[in-house]
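The values are calculated or read from the model by the stated rules, or taken from the named source; none is laboratory data. All values derive from a computational prediction rather than experimental measurement. Positions of Cβ are generated from backbone atoms using ideal geometry, with glycine treated the same way; all protein chains shown enter the neighbour counts. Each accessible area value is taken on the protein alone, full model and side chains, heavy atoms only, with ligands, DNA and RNA left out. Shrake-Rupley method; radii C 1.70, N 1.55, O 1.52, S 1.80 Å.
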Amino acid sequence: MNADNFNALMPITARPPAAMVKGRGSYLWDERGARYLDFIQGWAVNALGHCPDVIVNALTHQAKALITPSPALHNGPQWALAERLVELSGLHQVHFANSGAEANEAAVKLARKWAQHHRAGADHIITTEHSFHGRTLAMMAASGKPGWGSLFPPTVPGFRHVPFGDVAAMRDAITERTMALMVEPVQGEAGVIVPPSNYLRDLRRLADEYGLLLIFDEIQTGVGRLGTFFAFETDAIRPDIVTLGKGLGGGVPISAMIAAKPACCFEYGDQGGTYNGNPLMTAVALAVVEQVANPHFLANVRTNGARLRAGLGELAKQWPIRCIRGVGLLTAIELSDGNAVAVADAAFNEGLLINAPRPTSIRLMPALNVSGDEIDRACTLLDRAFAKLGR
Ligand SMILES: *Cc1c(COP(=O)(O)O)cnc(C)c1O
C-alpha cells in the first residue's frame with residue numbers, strides 16, 4: 001500500500017498516510033510497525049477494544065453455521081438479541097438495521113406512522129442545534145450541524161431545531177404539527193455536551209403533557225458508553241423510541257431501533273433491508289451486550305471515566321485547557337486557546353489517537369474495557385503532545 005499514489009478512493013476526509021494493519025485491545029499498529037494507543041476506537045465503536053476474543057469467536061462460530069438466510073426468514077441470534085434488548089430497555093420491540101443513520105430513519109418512519117394514527121396532521125420532529133443523527137438526506141435535515149441544511153438541496157422537510165439542554169425552548173417550539181421530540185442524551189459530535197441534570201426527565205414530562213413521542217438517539221451514548229447500559233437509566237425514565245448503533249456491534253455494522261408498545265405500529269411492507277438482523281452481526285452484538293450489560297463491567301466504565309477526567313484535570317493545570325466534560329468513557333477537553341486539530345495531530349505523532357470534533361474540542365472515547373494503566377499512559381502522551389506544541 002502506498003498512500004501517495006493511492007487515488008482509487010473518493011476523498012472524503014484527511015487521513016494519515018500509513019494504513020492500519022492490526023489491532024488488539026487498546027492498541028492499533030500501522031503498516032510501518034508504529035503502535036498507537038487508540039482513544040478513538042473506530043469512533044466509539046469498538047466497545048471491547050480491537051479484535052477481542054469474544055467477537056472473533058462469535059464471528060467464526062456463526063460464520064460456520066449461517067451467515068445470511070434472508071431478512072424474510074427467522075434466525076436464532078436475531079431473536080435472542082431482540083429479547084435481550086427488550087429486557088434491558090423495558091421497551092416492547094426491536095427493529096435491526098446496519099448503521100446508526102438507518103436506525104434513526106426507521107425511528108422517524110415509525111414516528112410518522114404513529115402520528116398518522118394518533119396525531120392527525122402532525123409530521124414535525126423537534127431536534128436540537130448542533131445535534132448529529134447521521135448522514136442520510138433525512139438525517140442531515142434532522143441534525144443541527146451548522147451549514148448542513150443547505151449542503152445537498154432540496155432539504156428533507158419535517159425537522160425543527162432548538163438549543164440543546166433548554167426545555168423551555170423545546171416547549172415554545174411545540175405546535176399542533178409537532179409529533180415527536182428527538183435528542184441525544186449527551187451530544188457526541190457537538191463535542192460531548194452534557195445537558196443540565198433532569199433534562200431528559202423534563203423532556204419526558206413535556207412529551208407526556210403534549211402527547212408527543214420522545215425519541216433518544218443513543219447511537220453514541222448507549223451500550224455502556226456513559227457507565228449505564230442506556231443513558232436514560234440515569235434519569236429513571238424511558239423514551240418511546242431509542243436507537244443504538246456504534247458500540248452495539250463492537251466493531252461490526254449493526255444498529256437497532258427499540259420502541260415502547262404504543263409506538264410499535266409498523267405493518268408488513270413498511271420497513272425492511274437486505275442485511276437487517278442477519279445472524280452474523282446479531283450473534284456478535286449479542287456477545288458484546290452480554291459483556292457490557294454486566295454490572296461490574298459498567299461500574300468499571302464509571303471508575304475509569306473518573307480516572308481519565310482526573311488525569312486530564314492534572315494536565316489542565318499546565319496547558320491551555322478551559323474545561324473537561326464527560327460522563328462515563330465519553331470525554332472532551334475544551335481548549336482555552338489553540339487548535340484542537342493541531343493537538344490531535346501532535347498526539348498522533350506521540351502515538352495516541354484522539355479526535356477533534358470541533359475546532360476547540362478534543363474527544364476521547366477509549367474502549368469500555370480500557371485499563372487504568374492505559375488511561376494514565378494516554379494522559380502522559382497527551383502531556384508530551386502539548387509540550388511539543390510548546391504552549
Ligand atoms: C455516529 C452517530 C450517528 C450515525 O451513525 P452511522 O452509523 O454513522 O450512520 C447517529 N447519531 C449519533 C448520536 C451518532 O453518534
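Quick rundown of the values:
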{"item": "Members of segment 28-38 that are crowded, with 16+ Cβ neighbours inside 10 Å and either small (Gly, Ala, Ser) or within 16 Å of the ligand (Cβ to nearest atom) (or both)", "result": "none"}
{"item": "Cβ-Cβ under 8 Å pairs, at least 6 apart or on other chains, segment 161-183 side at positive phi, far side open to solvent by 40 Å² or more (accessible area, probe 1.4 Å)", "result": "165/193; 165/196"}
{"item": "Segment 133-145, subset within 18 Å of residue 186 (Cα to Cα) and not in a helix (DSSP H, G or I), residue most open to solvent (accessible area, probe 1.4 Å)", "result": "145"}
{"item": "Segment 184-215 - residue that is farther than 22 Å from residue 357 by Cβ and acidic (Asp, Glu) and, of those, surrounded by the fewest Cβ atoms within 10 Å (Cβ to Cβ)", "result": "209"}
{"item": "Test: residue in segment 184-201 that is more than 14 Å from the ligand (Cβ to nearest atom), part of a helix (DSSP H, G or I), among the charged types (D, E, K, R) and under 30 Å from residue 334 (Cα atoms)", "result": "yes"}
{"item": "Residues that are farther than 28 Å from residue 294 by Cα and buried (at least 16 other Cβ atoms within 10 Å of the Cβ), drawn from segment 359-382", "result": "360, 361, 362, 381, 382"}
{"item": "Residue ID - surrounded by the fewest Cβ atoms within 10 Å (Cβ to Cβ), chosen from residues in segment 275-312 that are more than 30 Å from residue 81 (Cβ to Cβ) and either out of contact with any helix residue (DSSP H, G or I) (no Cβ under 9 Å at 6 or more places or on another chain) or small (Gly, Ala, Ser) (or both)", "result": "310"}
{"item": "Within segment 242-274, tally of residues that are part of a loop (DSSP other than H, G, I, E, B), open to solvent by less than 20 Å² (accessible area, probe 1.4 Å) and within 16 Å of the ligand (Cβ to nearest atom)", "result": "2"}
{"item": "Segment 109-124, residues that are open to solvent by less than 20 Å² (accessible area, probe 1.4 Å) and either within 12 Å of the ligand (Cβ to nearest atom) or touching a Leu at 6+ places or on another chain (Cβ under 7 Å) (or both)", "result": "111"}
{"item": "Residue list for segment 114-133, restricted to those being under 21 Å from residue 218 (Cβ atoms) and in contact (Cβ under 8 Å) with a residue 40 or more places away in the chain", "result": "114, 125, 126, 127, 128, 130, 131, 132, 133"}
{"item": "The listed residue being surrounded by 21 or more Cβ atoms within 10 Å (Cβ to Cβ) and among the aliphatic types (A, V, I, L, M), out of 315, 329", "result": "329"}
{"item": "Boolean, residue 147 is at pLDDT below 95 and either of a type outside the set (Gly, Ala, Ser) or under 24 Å from the mean Cα position of the chain (by Cα) (or both)", "result": "yes"}
{"item": "Pairs, first closer than 27 Å to residue 304 by Cα in segment 20-36, second among the aromatic types (Phe, Trp, Tyr) and part of a strand (DSSP E or B), C-beta under 6 Å, six or more apart", "result": "22/29; 28/36; 35/27; 35/29"}
{"item": "Residue selected from segment 146-183 under the condition part of a helix (DSSP H, G or I) and closer than 23 Å to residue 359 by Cβ, by the criterion nearest to the ligand (Cβ to nearest atom)", "result": "148"}
{"item": "Checking residue 229 against (1) more than 16 Å from the chain's Cα centre (by Cα); (2) more than 22 Å from residue 142 (Cα to Cα); (3) aromatic (Phe, Trp, Tyr), the condition it does not meet", "result": "(1)"}
